[in-house]
1. Could you count how many residues in region 72-83 are in a helix (DSSP H, G or I) and surrounded by fewer than 12 Cβ atoms within 10 Å (Cβ to Cβ)?
2. Just to be sure, is Gly52 at positive phi, surrounded by fewer than 11 Cβ atoms within 10 Å (Cβ to Cβ) and out of contact with any Gly (no Cβ under 8 Å at 6 or more places or on another chain)?
3. I'd like the residue in region 1-47 that is under 17 Å from the mean Cα position of the chain (by Cα) and acidic (Asp, Glu) and, out of all such residues, is most open to solvent (accessible area, probe 1.4 Å).
4. What number of residues within region 48-73 satisfy the criterion of being touching a residue at least 24 places away in the same chain (Cβ under 8 Å) and over 12 Å from the mean Cα position of the chain (by Cα)?
5. Hey, among Ser54, Ser34, which residue is hydroxyl-bearing (Ser, Thr, Tyr) and touching a helix residue (DSSP H, G or I) at 6+ places or on another chain (Cβ under 9 Å)?
Amino acid sequence: MPPPSDDDILVRAILSLQSEAEVKAFLDDLCTPSELRAFAERFKVARLLDEGQSSYREISEKTGASTTTVTRVARFLRDMPHQGYRRVLDRLKADKE
């Protein structure tokens, strides 16, 4: 069996975290401020796309993301097999109920 990839180890590290504070601290250590802003921006784009009330241009203006980023997030949200955005958005909605 091959050794785990660096990606696999990173996923395990994230799964080992036990609170929002731990996740925030890890992300603060792992990422630059601009990387964190980019992650947050893309996730905000995904949330706005999921709401379905704004055009791509409006989402771009609201978030500061390029229309290329909005289009890419929309494609991942809609078409890609990973469905990571969808899974998280659905779980966050369920937690609100």
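The values are calculated or read from the model by the stated rules, or taken from the named source; none is laboratory data. Please read these numbers as outputs of a predicted model, since none were measured by experiment. For neighbour counting, all protein chains shown are included, and Cβ atoms are generated from backbone atoms with ideal geometry for every residue, glycine included. Each accessible area value is taken on the protein alone, full model and side chains, heavy atoms only, with ligands, DNA and RNA left out. Shrake-Rupley method; radii C 1.70, N 1.55, O 1.52, S 1.80 Å.
1. The total comes to 2.
2. Numbers: at positive phi: yes; surrounded by fewer than 11 Cβ atoms within 10 Å (Cβ to Cβ): yes; out of contact with any Gly (no Cβ under 8 Å at 6 or more places or on another chain): yes.
Yes; evaluated as a whole, the condition is true for this residue.
3. The extreme case among them is Glu20.
4. So in region 48-73, the residues touching a residue at least 24 places away in the same chain (Cβ under 8 Å) come out as 49-50, 65, 69-70, 73.
Pick out the ones that are also over 12 Å from the mean Cα position of the chain (by Cα) and you get 49-50, 65, 69-70.
Counting residues in region 48-73 that are touching a residue at least 24 places away in the same chain (Cβ under 8 Å) and over 12 Å from the mean Cα position of the chain (by Cα) gives 5.
5. On the way: Ser34 fails: touching a helix residue (DSSP H, G or I) at 6+ places or on another chain (Cβ under 9 Å).
Within the list Ser54, Ser34, the selection yields Ser54.
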